[in-house]
1. With a cut-off of at most 16 other beta carbons within 10 Å, and DSSP calling the residue loop, which trypsin sites (Lys or Arg not before Pro) in the range B:366-409 qualify? Please list them.
2. Based on the Cα gyration tensor of the range B:332-402, what are the three equivalent ellipsoid semi-axes, each the root of five times an eigenvalue, rounded to whole Å and given largest first?
3. Using r as the Cβ-Cβ distance of B:A75 and B:D181, and R0 as 25 Å, what FRET efficiency do you calculate, to the nearest 0.05?
4. Using only the alpha-carbon atoms, how far is helix B:118-131 inclined from the longest principal axis of chain B? Give it as 0 to 90 degrees, nearest 10.
5. Using a Förster distance of 60 Å, how high is the FRET efficiency between B:R61 and B:Q311, based on the Cβ-Cβ distance and rounded to 0.05?
6. Once you have the Kirkwood Rh of the range B:331-465 from its Cα pairs, apply Stokes-Einstein at 25 °C and 0.890 mPa s and quote D in µm²/s.
7. Taking the Cα centre of the range A:8-330 as origin and charging only Cβ (+1 Lys, Arg; -1 Asp, Glu), how large is the dipole, in debye to the nearest 20?
8. Distance from the Cα centre of the range B:205-266 to that of the range A:229-264, in angstrom?
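Derivation of every value follows stated rules applied to the coordinates shown; laboratory data play no part. Quantities reported herein were computed from a predicted structural model and do not represent experimental measurements. Cβ sites come from the backbone with ideal geometry, for glycine too, and all protein chains shown count toward neighbours.
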Amino acid sequence: MTARRLSLVDLAIRYGFLLLMAGLIVYFSIVAPAFLSPQSAVFVFQSVAITGILALGVTATLVVGGFDLSIGAVATSALMLSAYVMVIWEMSAGVAVALCLLMGATVGLLNGILIVKLRVPDLLATLGMMFLLVGLQRIPTEGNSISTGMALPGGGAAQGTFSPAFLMLGRHRLDFFVENLVPLSVVFLLAIAVVVWLFLEFTRHGRLMYAIGSNAQAAGLAGVNVNRYKIVAYMISGTLASFGGILLAARLGRGDVASGNNLLLDSVAAALIGYAVLGASKPNAFGTAVGAVFVGILLQGLTMLNAPYYTQDFVKGAVLVVALVFTFALSGRNGRGRV
Amino acid sequence: MADQSIRITGLTKAFGRNQVLRGVDLAIPAGQVTVLMGANGAGKSTLVKILCGVHGADAGRVTLGDVPFAPVSPAAALRAGVVTVHQNINDGVVPDLDVASNLMLDELAEGGRTFINRRALRARAREIAAAVGLDLDVTRPLAGIALAERQLVSIARAMSHRPRLLILDEPTSSLSTAETDRLFALIERLRDEGVAILYISHRMSDIRRLADRIVSMRDGAISGVFDAAPLDYSGAVRAMLGHEITEVDVTIPAPGAPVLAMQGVVLRQGARRFDLTCHENEVIAITGLVGAGKSALAAALFGLGAAVEGQVSLDGRRHAPKGPADAIAAGVFLAAKDRLINAVIADFDISRNLTLPFLRRHAGPLHWVRRGSELARTRAMIAMMGVVCQSPRDGILTLSGGNQQKVMVARWMAEDCRLLILDEPFQGVDIQARRDIGRRIRDSAARRATIVLCAEIDEALEVADRIVVMSEHSIVGSHRNENINVAAIMAEVVEAPHHARLGAEGNPTA
């Protein structure tokens, strides 16, 4: 309780997860020496860039004691929307990006209004929104994927293309010691992670959001506009999810109706693993980023060891369960009673 | 001795390096009410939690009659006949179930048939309710009944176990006078039936009414046992604190200019209209039963709910806040009651809790929180309020109840205001912390008007220049705190108790 010196359990809670990650890196680099190359490291980051960005959005809603299940659907909607704007409407990359971000923010706003004003429980509201978006994104193309030259329902073929500027978002690589090393999406992930972390940990708004997550009633009586902050949290989540969808579209180069299936579960897993990092026992941006990278390292390592693809979900699930045990059982706290 | 129902010998318990119980020796005889007094942090709650099976003891033994008693779970304690009614009402009930299921919860949890015979369940539940004189439709969902009735439901449920030892932890803190009387009658009946009763309270009025013996606890051990009639109440308080408690001497200063003026205010439909003026450098205590309208008054001033009619002005300007933020901006602060529900941010440390409403003052460009400024203010407030802690970075829940309460009051004293309202600031704190908080409220009162809401007249007498009595959502009396006639105040308090809505009013936002 008030003990100054850290006991073994405290140490395990605080550094256990980082140690586990270091151990994994050492293990993988011994059994598969190529694992330690810069290319491999970049691959890890690239594979988690999009889920990491989505996870940072979910973290914002977790901080205010909410939850957002619609992020995966928002991301795939942004994927389809950007393709539709550029390929069928033949508009520019800038318009596509702007419309996608606007769509994400609007969905977040609607989620927030459903939860705050209409008092629908957060899990149900965002689950409903998820179904709604999954259906909606397929209506304009009658369930087909979007690519240049596709047949349009009204006759004729789609003439537009993904502009090079847009594709750059997902494919361009910056020189970093080695030529063409760091993909732009990784830079976005790191930048967004730093900004969200600074915002949540060090600004007044972040502090008040944590206060709402811990005791909304008390925060309200201290003069905090609880509803407004909750809505803002869902808008952050929706906007980041749509940005993730833009990056996915830029990487794929087509509006593929089948992609993005794993986005929701992977990003939620990253955010929840984040609870265990440094014994935070609460949603936090740093932990979320580490959680995403952790999953990436694990999958990259297993791939290099030639583990079959179908074991991936099992491994992710196992990591998540272990992380939750770190957070809730070892630290002896009852957690926040939900999630 | 055969009549001694419960014997505790050499009980110790530590949490980490924090030795909470240092060898408790206590006998709780059957057929008597043993009152347990202790300052916050003395170890009362830990002792109770060991007796009701939540914690295990490190060493020592407990015997029930002649049988050793070491419950491994609350259910085991219940089976052995040790029944506990907790202070926090919602700990003892399930709001989503109906009254009948709540009354029968332990039997349902015990096992038995998979399918529930509703009719039998309700019939049995009605018997249990009737046994404690609780007249209530058992099919109603618990969430729909008043707080005080929920308390009675949890007590009725406890009674249905034919307890050998009944532990009550501050059971009257949310009850009105009528309900308190009903509870006390019940306790007395059980005592006469030979049940051993351990009653924990800070309220002297309860203690005077019920106690057959008083046991004082201090620093994790028993510091005094008082069982010779007449009971030595001041001796018990001395044993609990380890020193004398001085009487509070209120010197009433000359009040300054009027700050708050309420004229022709009607708090709710059908209530009588009233006027109230609060001056600078004046501390007003508003007393009255639970549900007399004290919290409704605070809610109206803090923007949580408007009065039906009437004019309210603050320093001559109209005061009609739309919400807490509005009220705070106008200079009206409210330290809400029930700190764990309405005030404490459990995940935060002391400093983050303290600066919550005024974080803007500690934020720089880009809303960046300046931690240094925040910690400096916290250190100053810790020193001013005499909060016992290691550092401003201590988690708020590592503090004892009294110190948590000091932080919650300090939160609203950290900035200047025009009107400070404190709703039950002495709730669940021991007498020393109560005096500390009361003194700080008075010492800092010079440049604002202060309203303290408290149901206990003793508390009002310690803190106020003027005592205002509320009943039925209106003001029925006002007394300068000088040679005061307590009987006259009591008469006003209970002026029309049958009309007062018993406990219908929960917290100010309800």
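1. Details: sites: B:R370, B:R371, B:R377, B:R379, B:R393, B:K406; in loops: B:R370, B:R393.
Here the trypsin sites (Lys or Arg not before Pro) that fit, given the DSSP loop and packing criteria, are B:R370, B:R393.
2. On the way: eigenvalues 81, 47, 27 Å².
Whole-Å semi-axes of the equivalent ellipsoid: 20, 15, 12.
3. Details: r = 32 Å, r/R0 = 1.28.
After rounding, the FRET efficiency stands at 0.20.
4. Helix B:118-131 sits roughly 80 degrees off the main axis of chain B.
5. Details: r = 66 Å, r/R0 = 1.10.
Calculated transfer efficiency: 0.35.
6. Working: Rh = 15.0 Å.
D = 163 µm²/s.
7. Values: 14 positive and 11 negative charges, 117 e Å.
Charge dipole, the range A:8-330, about its Cα centre: 560 debye, nearest 20.
8. Measuring centre to centre over Cα atoms gives 61 Å.
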